Amino acid sequence: LSLLSVPILAQLVWCSCFRTSSRRVAAEWALGVRVVMAGYEYVSPEQLAGFDKYKYSAVDTNPLSLYVMHPFWNTIVKVFPTWLAPNLITFSGFLLVVFNFLLMAYFDPDFYASAPGYKHVPDWVWIVVGILNFIAYTLDGVDGKQARRTNSSTPLGELFDHGLDSWSCVYFVVTVYSIFGRGPSGVSVFVLYLLLWVVLFSFILSHWEKYNTGILFLPWGYDISQVTISFVYIVTAIVGVEAWYEPFLFNFLYRDLFTAMIIGCALCVTLPMSLLNFFRSYKNNTLKHNSVYEAMVPFFSPCLLFILSTAWILQSPSDILELHPRVFYFMVGTAFANITVRFFFLL
């Protein structure tokens, strides 16, 4: 699936560099998809026609974004020349995330590098990963501003942006995992698998809001997590992974804090905010879908993927998650990204 996506992404970036119209880019993309998929029509003509009717609507209420990051991004975007395509900025940030994933895969292929008694990841790697993670986060924040600044916003650009964001979820989570690893002071590969799904469902939850309310409420957890992750990478380079072996509070280890932060952010921030926005729309009689079935459609495919992948783990005769955790995470994240991109056409 990922190999088939490469020519599609390449053609989309190429077209976007020349600022073609959304209709032409969509047509070019569709043509490329038909060639790559050997006759299989990935996007129907009806879905392509919907691009011209689509209007982007998003709300960001996160104080960190409003008072810190957006002023910073407004300054950074002025550095970029007006001829630079927004999709190229998006793709560049995504490549940095993938580079971090591959770099950590080289130094920590099986997630044992942070465990006691194993060769640790060099300090300079943590510094590089921390800096590149923040740069990628910054590029993800300025691509939309560049699009509005150059009057080149398109629905296909949003599809490209959110499609890569959904794929980035697995890269972010798995790269962070190397800080703790799966040694005696780390997190088991199955617990990390469940935490990955917490992040994936948090991502789809915000788009579920858009599907039902017509407005994309940007999740608070994203900005907080990206700034925190970048900071933790740098701190790890300074204090070493051994610092995370010690209890954070009483017998509460840093690995437990890592787990609690992911789950707590999802349950105490993302989920309540999503439900609040949903019920506000219900109260104002502005919901796009009235039946429970239609409202819950976005969750069907992710839930099916979760059930099938979990069943594979539990029934695997070779214990696949223990043998190849990184590859299995990548498979789940790629399949999830494919689902979310298809879901975009329902918005």
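Key figures
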{"quantity": "Residue in the stretch 135-159 that is nearest to the chain's Cα centre (by Cα), counting only those that are in a helix (DSSP H, G or I), surrounded by fewer than 18 Cβ atoms within 10 Å (Cβ to Cβ) and not β-branched (Val, Ile, Thr)", "calculated": "Arg148"}
{"quantity": "Qualifying positions in the stretch 109-134 - of a type in the set (Gly, Ala, Ser) and either within 15 Å of the chain's Cα centre (by Cα) or open to solvent by less than 30 Å² (accessible area, probe 1.4 Å) (or both)", "calculated": "Ala113, Ser114, Ala115, Gly130"}
{"quantity": "Tally, over the stretch 300-347, of residues that are acidic (Asp, Glu) and closer than 18 Å to Val198 by Cβ", "calculated": "0"}
{"quantity": "Flag for Gly93 being of a type outside the set (Phe, Trp, Tyr), at pLDDT below 95 and either touching a helix residue (DSSP H, G or I) at 6+ places or on another chain (Cβ under 8 Å) or under 30 Å from Leu323 (Cα atoms) (or both)", "calculated": "no"}
{"quantity": "Members of the stretch 59-77 found to be among the aliphatic types (A, V, I, L, M) and open to solvent by less than 60 Å² (accessible area, probe 1.4 Å), listed by number", "calculated": "Val59, Leu64, Met69, Ile76, Val77"}
{"quantity": "Failed criterion for Ser202 (all others in (1) open to solvent by less than 30 Å² (accessible area, probe 1.4 Å); (2) of a type in the set (S, T, N, Q); (3) in a helix (DSSP H, G or I); (4) under 21 Å from Trp126 (Cβ atoms) hold)", "calculated": "(4)"}
{"quantity": "Index of the failed condition, Phe328 passing every other in (1) within 30 Å of Ser114 (Cα to Cα); (2) assigned to a loop (DSSP other than H, G, I, E, B); (3) of a type outside the set (Val, Ile, Thr)", "calculated": "(2)"}
{"quantity": "From the options Phe300, Phe306, Phe344, Phe278, residue that is farther than 21 Å from Phe101 by Cα, in contact with an Asp or Glu (Cβ under 7 Å, 6 or more places away or on another chain) and either of a type in the set (Phe, Trp, Tyr) or open to solvent by 70 Å² or more (accessible area, probe 1.4 Å) (or both)", "calculated": "Phe278"}
{"quantity": "Top-ranked residue in the stretch 242-272 [being open to solvent by 60 Å² or more (accessible area, probe 1.4 Å) and acidic (Asp, Glu); ranked as nearest to the chain's Cα centre (by Cα)]", "calculated": "Glu242"}
{"quantity": "Verdict on Leu257 being touching a strand residue (DSSP E or B) at 6+ places or on another chain (Cβ under 7 Å) and free of Cβ contacts under 8 Å to residues at least 60 places away in the same chain", "calculated": "yes"}
{"quantity": "Residues satisfying the stated conditions in the stretch 178-226, i.e. touching a His at 6+ places or on another chain (Cβ under 8 Å) and without any contact (Cβ under 8 Å) to a residue 60 or more places away in the chain", "calculated": "none"}
{"quantity": "Selection within the stretch 255-301 - aliphatic (A, V, I, L, M) and under 21 Å from Phe336 (Cα atoms)", "calculated": "Ile262, Ile263, Ala266, Leu267, Leu271, Ala295, Met296, Val297"}
{"quantity": "Subset of the stretch 318-340 that is touching a residue at least 60 places away in the same chain (Cβ under 8 Å) and under 11 Å from Val189 (Cα atoms) - its residue that is surrounded by the fewest Cβ atoms within 10 Å (Cβ to Cβ)", "calculated": "Glu322"}
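The values are calculated or read from the model by the stated rules, or taken from the named source; none is laboratory data. Bear in mind that the values here come from a model prediction, so they are computed numbers and not experimental data. All Cβ positions, glycine included, derive from the backbone under ideal geometry; neighbour counts span all protein chains shown. The area values use the complete protein model at the heavy-atom level, side chains included, leaving out ligands, DNA and RNA. Shrake-Rupley method; radii C 1.70, N 1.55, O 1.52, S 1.80 Å.
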